[in-house]
Amino acid sequence: MDKLLDVENVSISFIQYTQGLNQRDLKVITDLTLDISEGEILAVLGSSGSGKSLLAHAIFGILPENANLNGKIKYKGKELSQKDKEEIRGKEISLIPQSVNFLDPLMKISDQAIGYTENEDEKKAKKAKQREIFERYNLGPEVDEMYPFQLSGGMARRVLVSTALFSNPKLVVADEPTPGLDEKTVQETLNHFRKMKEDGVGVLLITHDIHAALEVADRIGIFYSGYVIEIAENKDFSGEGENLLHPYTKALYKALPANGFNLTPGHQPLHGEIPEGCPYYDRCEMRFDRCRNERPQLIDLGNKKVRCFKYEEGA
């Protein structure tokens, strides 16, 4: 499979004012590294509010003006500039947004899907393609003339998926696509991602729903306090979790009700209070002395990656 997206050592911070005119640079993402190939579903799994959705905004070049972005984002081997991102977004790379509020409440669904065009022949061709994609997702002709408020939650989600596929993208970024949905609609949404994978589309699934990630993802990137601390294969989340590498990933797996509901004391450090060393230092049961002041790098172990001194060569 050809690699589509490479995110290398990306950090995102924001200029904030504290106590009057004093400035601070608040890091929300410190070191994010991952990759995704054609026909692969990669889930980025992290708690709500951890900043993982900023990854989607960085890929599409829609970060707010007070954001500072460092690191490299490559598409098909080419590092993307802001201009590059603007040219390929909505075409080769499409976004399935987190909220159905991204639909314009004042526009009919069909008009939102095909966009504005003055050329009648082009408009007819786009309309035919839109109808073909909508039929694939069980959206009948009556949906074309509806406004967003007339759609059920499941229909609105299918519209967002269908619209993202209108340009035949190579990569789809789905930002928290399942919160608030009933179980039937969640399964329906996950089936959409399976279909994309079958069609050779790469899917980057950004979520806090570990069950959804485990159902569809080939690999899962664990996001903790602004870092990717492990990228594991789906099959590693089995048995006693003995094939998982990072202690946080193991703890996350064992905290699932089916695995004993074993909770780890403490909490994930908030932005601005991450220690100098390993971000998991205060909660780790296998920490070394160096973990307090040294920050481990992400170690590449082939199809898996882990940020932990235990797996350094010679450790």
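The values are calculated or read from the model by the stated rules, or taken from the named source; none is laboratory data. Treat the numbers as computed from the prediction; the structure is a model and nothing was measured. We place every Cβ from the backbone using ideal geometry, glycine too, and count neighbours over all the protein chains shown.
General observations
- Among the residues listed as 295, 290, the single one being modelled with pLDDT of 85 or more, more than 17 Å from residue 242 (Cα to Cα), crowded, with 17+ Cβ neighbours inside 10 Å and among the charged types (D, E, K, R): 295
- When residue 70 is tested against the conditions (1) over 22 Å from residue 167 (Cα atoms); (2) modelled with pLDDT under 90; (3) among the polar types (S, T, N, Q), the lone failure is (2).
- Residues within the range 227-268 that are among the hydroxyl-bearing types (Ser, Thr, Tyr) and either in contact with a strand residue (DSSP E or B) (Cβ under 9 Å, 6 or more places away or on another chain) or on the phi > 0 side of the Ramachandran plot (or both), tallied: 3
- Note on the range 132-160: residues that are aromatic (Phe, Trp, Tyr) and either under 17 Å from residue 96 (Cβ atoms) or in contact (Cβ under 8 Å) with a residue 60 or more places away in the chain (or both) total 2.
- Evaluated against (1) at pLDDT 90 or above; (2) of a type outside the set (S, T, N, Q); (3) over 22 Å from residue 27 (Cβ atoms), residue 283 falls short on exactly one condition, (3).
- Scanning the range 209-224 for residues that are farther than 23 Å from residue 195 by Cβ and either touching a strand residue (DSSP E or B) at 6+ places or on another chain (Cβ under 8 Å) or assigned to a helix (DSSP H, G or I) (or both) yields 222, 223.
- Cross-chain or 6+ apart pairs with Cβ under 8 Å, the range 184-213 first and under 20 Å from residue 76 (Cα atoms) and surrounded by fewer than 20 Cβ atoms within 10 Å (Cβ to Cβ), then small (Gly, Ala, Ser) and at pLDDT below 90: none
- Hey, residue 239 surrounded by fewer than 22 Cβ atoms within 10 Å (Cβ to Cβ), touching a helix residue (DSSP H, G or I) at 6+ places or on another chain (Cβ under 7 Å), more than 29 Å from residue 200 (Cβ to Cβ) and free of Cβ contacts under 8 Å to residues at least 40 places away in the same chain or not: no
- Summed over the range 76-123, residues that are part of a helix (DSSP H, G or I) and either farther than 29 Å from residue 152 by Cα or in contact (Cβ under 8 Å) with a residue 24 or more places away in the chain (or both) total 17.
- Under the condition of being free of Cβ contacts under 8 Å to residues at least 60 places away in the same chain and either within 18 Å of residue 302 (Cα to Cα) or not in a strand (DSSP E or B) (or both), the residues counted in the range 23-43 number 1.
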